[in-house]
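See structure below.
The values are calculated or read from the model by the stated rules, or taken from the named source; none is laboratory data. Computed from a predicted structure; not experimentally measured. Backbone-built Cβ (ideal geometry, glycine too); neighbour counts: all protein chains shown.
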Amino acid sequence: MIRKTRLFTPGPTPLLPAAQFAMAAADIHHRTAEFRALFTRVLSQLKDFVGTKNDVLVLSSSGTGAMEAAVSNLTSPGDRVLVLTAGKFGERWSGITKAFGCEVDVVSAPYGSTFTLEAVKAGLKLETRAVFVQATESSTGVRHDIEGIAKLLKSEHSEALLIVDAITGLGTTPLDMDGWGVDVFIGGSQKAVMIPPGLSYLAVSQRAWDRMEATYNPRYYFDLRKERKNAAKGESAYTPSVALIAALGAALDYIAGQAEGDLVEGRKKLVDNAETCAAMTRAAATALGLKLFAPVGFEAAAATAIVPPTGVDSGIIVKGLRSKFAAIVTDGQGEMKGSLFRIAHIGFFDYMDTIAIIGALEQVAIAANLPLPNLAFGTGLIAAQKVYAERNK
Ligand SMILES: *Cc1c(COP(=O)(O)O)cnc(C)c1O
């Protein structure tokens, strides 16, 4: 049969056709009224997409650029910070904060789990200036309890800013920046907003702006105060990725269009969509006898990490899906390579995509004769169908 390439990866994610057309048509200079109108509209839409009244800034970089900007703008050398990590992206926070001279305390949990609030509390010190964490750890498919961490910081009367990499959390997970009192949420373009890599965005609280008055780590290109000043005029400090900003506008229009033009409701639908795709996938994997990597109750709707049967390398499944069906799923990252594979549900995935990847997984598992007692055509699909029907009564 012919093969259609489909991404099931936790970034980049499948592209929205309307956004691709908007990119191709974006022949706009960035110091014109036309661009200022576009950028102002996109910045305002992003507030609804994040779900905040705080300022949202857009940077021309991948998500890690915004992570670095959060560290360079909000810390000074020698600041004590707390990094909460249970995966590859959590480790990135350690790397960046160390690079900027912070004194880094780390609370870690094994890959495939999350830290308890007691452990976070024990790691928090009186002098902790900032806490860094992921909303969803894309390398393990685990959701961290951001609401619980935010509440803990409040009840401890901590001065620490809560800085959250929500790069795969936004658009897949219910997040309430203002209600919980999160200081920074970071997003990336190649995730739930269905456009190519190259833009990052950050929502920044008043507390964080106040902190920036006194911090003095070096920064130049990623100077958030400079960006904020320019954003107020509908511009960015340097040449922005105009085409991606046009694409982002089209994607946010599409998301709003899922709920009669209401972007807040559209974002909730997008989250619900990811949750349904994830629940279908989890049910299918479990019915087939496969184990999930994330603990019950902490599964990220961003991506489902599935553990192959003992003695089987996950690469067999990853390669089988790719060669037979051109379905791109990801293996484990780093030390996790070979021990899990990840199917993403971020952004432009729907029922059809989910049913297709489960059907393809059954084909690959049966062809590879995986040692699973319940392995038969349809076992995973039936479980997924029931989940869909139950959630859409
Ligand atoms: C994709 C991703 C990032 C950003 O990676 P970039 O390659 O810099 O875009 C950061 N954190 C998480 C949790 C991610 O999934």
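Name the residues in region 195-228 that are within 16 Å of the ligand (Cβ to nearest atom) and either in a strand (DSSP E or B) or outside the structural domain of Val42 (by TED's automatic domain parsing) (or both), would you?
Passing the criteria: Ser200, Tyr201, Leu202, Ala203.
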#### Entry: Only listed residue being free of Cβ contacts under 8 Å to residues at least 12 places away in the same chain and either of a type in the set (S, T, N, Q) or within 16 Å of the ligand (Cβ to nearest atom) (or both), chosen from Glu91, Glu34, Glu68
Glu91
### Summary
Scanning region 92-104 for residues that are charged (D, E, K, R) and either buried (at least 18 other Cβ atoms within 10 Å of the Cβ) or out of contact with any strand residue (DSSP E or B) (no Cβ under 6 Å at 6 or more places or on another chain) (or both) gives Arg92
## Note on the structure
Within region 338-355, residues being in a loop (DSSP other than H, G, I, E, B), touching a residue at least 40 places away in the same chain (Cβ under 8 Å) and not aliphatic (A, V, I, L, M) number 5
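Looking only at region 99-114, which residues are closer than 26 Å to Pro218 by Cα and in contact with a Gly (Cβ under 8 Å, 6 or more places away or on another chain)? Steps first, please.
Looking only at region 99-114, we keep the residues that are closer than 26 Å to Pro218 by Cα, and these are 99-106.
Residues satisfying the conditions are Gly101, Cys102, Glu103, Asp105, Val106.
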### Task
Could you please find all residues in region 351-364 being touching a helix residue (DSSP H, G or I) at 6+ places or on another chain (Cβ under 7 Å) and of a type in the set (Gly, Ala, Ser)?
Gly359, Ala360
### Number of the exception - Arg41 against (1) buried (at least 20 other Cβ atoms within 10 Å of the Cβ); (2) in a helix (DSSP H, G or I)
(1)
### Query
Which one of Ala274, Ala278 is among the aliphatic types (A, V, I, L, M), buried (at least 22 other Cβ atoms within 10 Å of the Cβ), in contact with a strand residue (DSSP E or B) (Cβ under 7 Å, 6 or more places away or on another chain) and not in a loop (DSSP other than H, G, I, E, B)?
Ala278
## Note on the structure
When every residue in region 111-143 that is touching a helix residue (DSSP H, G or I) at 6+ places or on another chain (Cβ under 9 Å) and assigned to a helix (DSSP H, G or I) is compared, the one surrounded by the fewest Cβ atoms within 10 Å (Cβ to Cβ) is Leu117
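Okay, residues lined up against (1) away from the ligand (no atom under 16 Å from the Cβ); (2) in contact (Cβ under 8 Å) with a residue 40 or more places away in the chain:
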{"residue": "Gly101", "(1), (2)": "yes, yes"}
{"residue": "Val107", "(1), (2)": "yes, no"}
{"residue": "Pro110", "(1), (2)": "yes, no"}
{"residue": "Val120", "(1), (2)": "yes, no"}
{"residue": "Gln134", "(1), (2)": "no, yes"}
{"residue": "Ser138", "(1), (2)": "no, yes"}
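So for region 304-313 (the condition being surrounded by fewer than 22 Cβ atoms within 10 Å (Cβ to Cβ), aliphatic (A, V, I, L, M) and part of a helix (DSSP H, G or I)), does at least one residue qualify?
Taking region 304-313 first, the residues surrounded by fewer than 22 Cβ atoms within 10 Å (Cβ to Cβ) are 307, 309-313.
Remaining after also requiring aliphatic (A, V, I, L, M): 307, 312.
From what's left, part of a helix (DSSP H, G or I): none.
Checked region 304-313: no residue is surrounded by fewer than 22 Cβ atoms within 10 Å (Cβ to Cβ), aliphatic (A, V, I, L, M) and part of a helix (DSSP H, G or I).
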